[in-house]
Amino acid sequence: MTDYSGPHREQVKRFVRVAVLLPADRLAEMRRRTTGGDLYRHSAVVANLIQASKDAKRNSEELRAYVMDEAHARAGAPGLAPDDVADALIRTAQALMQRELLENHAIAERAAAFVALTAPFADVLSEGTQ
């Protein structure tokens, strides 16, 4: 099983372990919102930030593998393929991973992206990941 060892390791892993078990309809909605819906532009901010750094790219690849493994292992969200679960969670997990470069950042679009991508999971994040 893949592990994630990047920034904010414990917080990110805790988020993923809980979030993969969310109901399929909630994950499907988040996937839709981040891959083409109202959160797409915020997802793009995070993706562009990650693409600008070799370390962030490497950590992000490791993180996606970790999310996929958790989705497979926990068989969360019956009715959604592990790829769909990963799509639903990856941008929020990446935002947590890149927290210092997003949250409360002087560049307004970065701060807005962090808030927008974490807000739909406020209940999960309040369980100790923030």
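The values are calculated or read from the model by the stated rules, or taken from the named source; none is laboratory data. Being a predicted model, the structure only gives us computed values, none of them experimental. Cβ placement follows ideal geometry from the backbone for every residue including glycine, while neighbour counts extend to all protein chains displayed. Heads up: the accessible areas ignore ligands, DNA and RNA and are worked out on the full protein's heavy atoms, side chains in. Shrake-Rupley method; radii C 1.70, N 1.55, O 1.52, S 1.80 Å.
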Put +1 on the Cβ of every Lys and Arg and -1 on every Asp and Glu Cβ in the chain; which of Thr35, Leu21, Thr2 then has its Cα farthest towards the positive end of the dipole?
Thr35
For the chain: accessible area per residue (Å², 1.4 Å)
48 Å²
Candidate residues Asp55, Asp87: accessible-area rank, largest first, probe 1.4 Å
Asp55, Asp87
Length gain on complete extension for the stretch Ser53 to Arg41, per 0.36 nm per residue less the alpha carbon to alpha carbon distance?
2.4 nm
Describe numerically, in nm with one decimal, the distance between label points set 7 Å from Cα along Cα→Cβ at Ser126 and at Arg32.
2.5 nm
Quick calc, Ala112 & Arg9: beta-carbon distance into FRET formula, R0 35 Å, rounding 0.05, result 0.90
Given a 1.4 Å probe and heavy atoms of the protein chains only, how would you sort His42, His105, largest accessible area at the top?
His105, His42
(i) 6.9; (ii) 15.8; (iii) 7.7, with the label sought being that of the calculated mean projected area of the Cα convex hull in nm²:
(i)
Carbon and sulfur atoms: what percent of the 1.4 Å accessible area of the chain do they account for?
50 percent
